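Please read the structure below before turning to the comments.
The values are calculated or read from the model by the stated rules, or taken from the named source; none is laboratory data. Fair warning: this is a prediction, and the values are worked out from it, not measured in the lab. Every residue, glycine as well, gets a Cβ built from its backbone with ideal geometry; the counts of neighbours run over all protein chains shown. The area values use the complete protein model at the heavy-atom level, side chains included, leaving out ligands, DNA and RNA. Shrake-Rupley method; radii C 1.70, N 1.55, O 1.52, S 1.80 Å.
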Amino acid sequence: MTRYGKAGVLVLGVMFLTAEPVALWAQESSAPPTGKSGSSRKLPSGRSRVAPPPQAPKVAPQQVPTQPDVFPKGKKEETAPTQSGSEPDTAAPSGSGADMPTAVPHLGPIPGRSRPAQKLPDNDLPKEEPATAPLPMAPPVQVEVPPSGQGNPPSDTAPRPAELPVRDESVETSPAAQPSDMELQRRLPTGRSRPTITEPQGETTVAEGPVPTQAQLDEYQRSNFIPIRDRWRILYGKNFIDPYAQNLLKGDYPILGQQDVFFNFTAISDSLFEARKLPTPQGVSRERSGSAEFFGEGRQLFFNQNFVFSFELFKGSTAFRPRDWAVRVTPVVNVNLLDVQERNAVRLDVRGGATRADHQIAFQEAFVEKRLFDVSRNFDFISVRAGIQGFTSDFRGFIFSDNEPGIRFFGNFDNNRYQWNIAYFNLLEKDTNSGLNAFQTRHRQVIIANLYRQDFIWQGYTAQVSFHHDRDNAGSGDTNGQQYDNNGFLVRPANIGDVRPHDVRSYYLGWAGDGHIGRFNLSHAFYQVLGNVSHDTIAGREVTINAQMAAAEVSYDIDWLRPKVSVFYGSGDKNPTDRTARGFDSILDNVNFAGSGFSFFNRQGIALTQTGVLLNNRFSLLNDFRSSKTQGQGQFVNPGIIVANVGLDAELTPKLKGILNFNYLWFAETEPLQYVLHQPQVRRAIGADYSVGLIYRPLLNQNIVLTGGFAYFTPGGGFKDIQQGGDRYSAFFSATLTF
């Protein structure tokens, strides 16, 4: 062989030896670029994924669906965290030895983005797959572990990553529901994590953790179901002294097992101390020589103590609907003391001195109540109440406000937009010194019907129409046509004029309103009274009644201040001897208007000198010539009154409220005064009334209420004409304690 022939043989040999590596290099070079190194891909931690040493697979891989890679081009692959927050364990169990690869939990998509696809290529390294729709995370999959001793023996080679199944493009998969993080990490009341509840079956284990113990299951049950006696005793307490805690005595839970029958006990201590200076006429026996002919010393001290005990049993959860029935009894124990400086003021007998102490036990409430039926599905209802019960017929107590025995039907309709009352009362005699009910009926009946309409024209404004009928048969019903009070004074008929027994029939038609229109608060009332009196003691004949009353108050809220102005008018009789009585009088009023109990003229009863009647009664604005508001009869021949008021309510602190009022008063007509007192000239001005009051609630509720007030009265010309001159005052302090 020549030299060139030998060289050619050598070249062919070299080409033959390098042909296989070059073919393998060309095959790898022609594959599409992935942006990753096949043997050292990056993990989320930044480390390189190291390929396991090559070894022949024991079985052929089974193709199952996998997730695609939908990462943007150039973004590195991220591995989804497991529920415990660590990297996923992809190593196959070392002791499985099964012919088929062991299934691993399906990790699901990464929240907010898709998971890269994983595929086993021919060289056992994962490869990327084309992007398809991502599959959501599936619930944890139980891995069944074969019993020991079965399958192939463990391999002596180093552990290798689990062979991820290859997606079969021909198989359609449906998404599975992904549990929320809240469901996976719910907390027990003790602060520990709630165990995942699974039901192990046979020899299976849970991929997400160990099987919960029985103690964990018991704690899970206790955290969801708290054993309680019933639905009323969720915060069960037994402190009967504390009215703020759950209390059997305050109706917080039923007293008869699971039935909706509750008991409510209320105890009130109401203490009043009052110092005042009033016009006081001398009696038939003067206490001091040289005193004025008609007037004596007017200083007085008054103390009144009421202990109120209320017992109520009722059925029904009143938070959702009207109660089904109720029974209430309220006895009152009263102690009172009056000290004056003139005889004949506290008792008719001058030997009784100038001081009087008295006590009384009365029932101010004793009734039963029953809800008859509902008139709508919104718990509009009709109920009836029979027995001694409190009732105020209008917003401010202008006509009737008292506790009397009777029967009352009441209810509402149109989603509580309308409320109504129809009541009949048979009045009791009153104790003279305490004003409480006596154990004796008097011959007087009262019928009342009223209707309230909420949000009338304006939202927040309530209108009312009412009818009152007073049927006083004292003249024909009292023994000998006369009635004397506990101190020996004649109260029926009044000791004025010809003092003849008589009956009274009066009818009141009224329209009133209370509420706000925008930021203005409005309260008003108008009443027309008609009827007849069989014999009026001042007119000396039978008279017909035709009188009017009107009142209005407007106030405006400015932060913590409420300035207000008001006016009150009660008509007077210009001709006291004709057949028409034009002076207005009420049935049994308890007025809360124009300074209410703080003003001098409203709080005190002022006697009309040298007569057996009062110019005005306690807690009333009317100059009605009655012998007593509680025991006397209505008198419609009177001078009437006009009151102009300017006031200010100030919420000084959440606990302290201040009240200022200034009233100026006039007689509407003076002819009845001139006729009764045989005085030719009486001016109209009654005088100026200044008052200040404080209300203090140290607990920010009504359990402790401390009230104090001072009023100063400067007489006008008309008051000086009929009474003794000189200024008058009234000071009081009251403490109301409620359990």
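Pairs with C-alpha atoms separated by more than 25 Å, drawn from the list Lys250/Lys657; Lys564/Lys655; Lys277/Lys574; Lys574/Lys720, are Lys250/Lys657; Lys277/Lys574. Across segment 459-569, the mean sequence separation of Cα contacts (distance under 8 Å, 6 or more residues apart), normalised by length, yields a relative contact order of 22 percent.
Order the following by accessible area, largest value first: His524, His678, His359. Probe radius 1.4 Å; ligands, DNA and RNA are ignored.
Greatest to least solvent exposure: His678, His359, His524.
Taking all protein chains together and rolling a 1.4 Å probe, Arg697 ends up with roughly 60 Å² accessible.
Once backbone amide H atoms are built at 1.01 Å from N, Arg541 has Asp536 as its partners under 5 Å, excluding neighbours fewer than 5 places away on the same chain. Per residue, segment 665-739 exposes 44 Å² of solvent-accessible protein surface, assessed with a 1.4 angstrom probe and all protein chains in place. Given their separation in residues at 0.36 nm each and the Cα-Cα distance between them, Asp578 and Tyr418 gain 53.3 nm when the chain is fully extended. Please state the shape class of segment 365-419: rounded when a/c is under 1.5, otherwise prolate if a/b exceeds b/c and oblate if not, all from the C-alpha gyration tensor. It is oblate, given that a/c is not under 1.5 and a/b is not larger than b/c. Protection proxy ranking for 394-404, 432-442, using the average of other Cβ atoms within 10 Å per residue and placing the highest first: 394-404, 432-442.
Classify segment 620-739 as rounded, prolate or oblate, taking a ≥ b ≥ c as the square roots of the eigenvalues of its Cα gyration tensor: rounded when a/c is under 1.5, otherwise prolate if a/b is larger than b/c and oblate if not.
prolate
What's the carbon and sulfur percent of segment 498-620's accessible surface, probe 1.4 angstrom, rounded to a whole number? So the carbon and sulfur contribution to the accessible surface is 56 percent.
Counting only protein heavy atoms and a 1.4 Å probe, segment 292-425 has 47 square angstrom of accessible area per residue.
Carbon-plus-sulfur fraction of the accessible area of segment 634-674, 1.4 Å probe, in percent?
C and S atoms contribute 69 percent here.
So how far, in whole Å, is the C-alpha centre of segment 531-572 from the one of segment 345-408? What the calculation gives is 23 Å, centre to centre. Taking all protein chains into account, the per residue accessible area for segment 450-585 stands at 45 Å² (1.4 Å probe).
Within the full protein context, the accessible area of Trp666 is estimated at about 90 Å² for a probe radius of 1.4 Å. Relative contact order of segment 586-739, taken over Cα pairs closer than 8 Å and 6 or more residues apart, is 19 percent.
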